[in-house]
Amino acid sequence: MLENLQPQPADKILALMTAFKEDPRDAKIDLGVGVYKDATGLTPIMRSVKEAEKRLWQVEETKSYTGLVGDVGFHHAMRDLILADTVAAENFAAAATPGGTGAIRQGLELIQMASPEATVWLSNPTWPNHPSIIKYLGINVSEYRYFDPESRAVDFNGMLTDLSNAKPGDVVLLHGCCHNPTGANLNASQWQEVADLLIAKNLIPFVDIAYQGFGDGLEADAYGVRHLAKTQPELLIGASCSKNFGVYRERVGILMTIAQDASRTKLNQSSLAFLNRQNFSFPPDHGARLVTMILTDSALRTDWQSELEDVRLGMLNLRQQLASTLQKRTGSDRFGFLADHRGMFSRLGATPDQVDKMRESHGIYMIGDSRMNIAGLNEASIPILADAIVEAGV
Ligand code: LMR
């Protein structure tokens, strides 16, 4: 039987991780997978997470199962973090999931259960695992323009034009902040226009928010999703704690639904539980519990927020340094977009050949579409990257 298996396409982000590990050069620079690294190249465990782990170790009395949708305290803490007071508690349902990918997968399956004919609209470009999971599930998919390769900003007219072709009941997958892979984001008035279009065309938003706190700050980064929560009759949200709590391997994610009215919430909640049961039964709990402890303890929360803010400002500083080094090297402002982008990534706009050249000549690893993880840089590697960009003729 198993001899019938066919090789599956490699995920380009994970393939690059392996290629980087296998490169014997000492001076290589990893701008690939979206994992935060400090100036020494380490992905640290946050102080607040360590402290919560210590406390949990003291007080945890059982490893027995939680509920099928995880711990309700986690749902509420995440609802407050992402949505603040924008939704009525009785319209809200949620399930903990194994990471943000788990939330996206469960959300797509929920869409498929509820509306098998719906098309899911993805930004072009988007995180490669979005189309990959959609194709695997056999869901209809379309793309909307998102990124202007010339200006490296959002192609907002293209986005609105393409979404106006969606049929009523279609789903629009939106990045809540820190767009992956481009780093180009909607501003507040653009979010408002998108929200109006969704209402006018009867489209359902599904927001993937995996980098809250990495862009303009915890509150500012939630502007779009909160605006949708206030304005849309229905909303799905897939969130990840991997990055903003640095708990990647603990797999902490959540899928949320906001219903039109309270009468639908029970069915939403039981459907989320059903889906978890079919796919993995009980979601992981350890990381979710740490997150809940941090969000609900004022001292831990204050410490976490200040650590997260340091991470955010560090990345912003690296962006500015890279943009100004390139400005000096080229005598032009054409790389100014690097300082305007937000989050962990920027799409540089290099061709695949130029990306290969930078890898071969300088050991710089970025994704083939020229997505760079800004957190992979430090003061020493910025001039090397700037030289490589200029030499490659980007
Ligand atoms: C990324 O985009 O690099 C991260 O979200 C990691 C992943 O799973 O792809």
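The values are calculated or read from the model by the stated rules, or taken from the named source; none is laboratory data. All figures in this text were calculated on a predicted structure; none of them were measured in a lab. So basically every Cβ, Gly included, is an ideal-geometry build from the backbone, and we count neighbours across all protein chains shown. All accessible areas refer to the heavy atoms of the entire protein, side chains included, with ligands and DNA or RNA removed. Shrake-Rupley method; radii C 1.70, N 1.55, O 1.52, S 1.80 Å.
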So if I place +1 on the C-beta of Lys and Arg and -1 on the C-beta of Asp and Glu, and nothing else carries charge, what would the dipole magnitude of the chain be about its Cα centre? I want it in debye, nearest 20. 300
Counting residues in the chain as N, plug N into 2.2 N^0.38 Å and put the Cα Rg over that result. 0.98
Determine how many Å³ per residue the convex hull of the Cα atoms of region 351-393 encloses. 58
What is the Cα radius of gyration of region 42-94 over 2.2 N^0.38 Å, N being its residue count? 1.48
In debye to the nearest 20, how big a dipole does region 221-319 give about its Cα centre with +1 on each Lys and Arg Cβ and -1 on each Asp and Glu Cβ? 320
Of Val154, Val394, Val225, which is farthest along the charge dipole of the chain in the positive direction, counting Lys and Arg as +1 and Asp and Glu as -1 at C-beta? Val225
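So, with a 1.4 angstrom probe, what is the percent of accessible area on the chain that is carbon and sulfur? Could the numbers behind the result be given before it?
Details: 9250 of 17680 Å².
Here it works out to 52 percent.
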Rounded Å value of the spacing that divides the Cα centres of region 42-114 and region 294-318: 19
Let me know the whole percent of all Cα-Cα pairs from region 1-45 that are separated by more than 17 Å. 51
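How big is the Kirkwood radius of region 22-138, worked out from every pair of different alpha carbons and given in Å to one decimal? Spell out each step's value before the answer.
Working: mean 1/r = 0.0537 Å⁻¹.
Its Kirkwood hydrodynamic radius stands at 18.6 Å.
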So if R0 is 51 Å, what FRET efficiency would Ser151 and Lys54 give, r being the distance between their Cβ atoms, rounded to the nearest 0.05? 0.60
Under a 1.4 Å probe, what is the accessible area of region 1-134 per residue, stated in Å²? 55
Size of the dipole of region 125-263 about the Cα centre, Lys and Arg at +1 and Asp and Glu at -1 on the beta carbon, nothing else charged, in debye to 20? 380
Name the longest site-free stretch of the chain, where the excluded sites are GluC sites (Glu not before Pro) in a DSSP loop with no more than 12 other beta-carbon atoms within 10 Å. 220-378
P(r) for region 242-336, please, calculated from all Cα pair distances in 10 Å bins and given in %. 13, 24, 24, 21, 13, 5, 0
Once every Cα of region 128-231 carries one equal point scatterer and solvent is ignored, give the base-10 log of I(q)/I(0) from the Debye formula at q = 0.11, 0.13, 0.16 Å⁻¹, two decimals. -0.33, -0.47, -0.72
In region 182-326, taking the dipole from +1 charges on Lys and Arg beta carbons and -1 charges on Asp and Glu beta carbons about the Cα centre, the listed residue (Trp191, Leu235, Leu322) farthest towards the positive end is Leu235
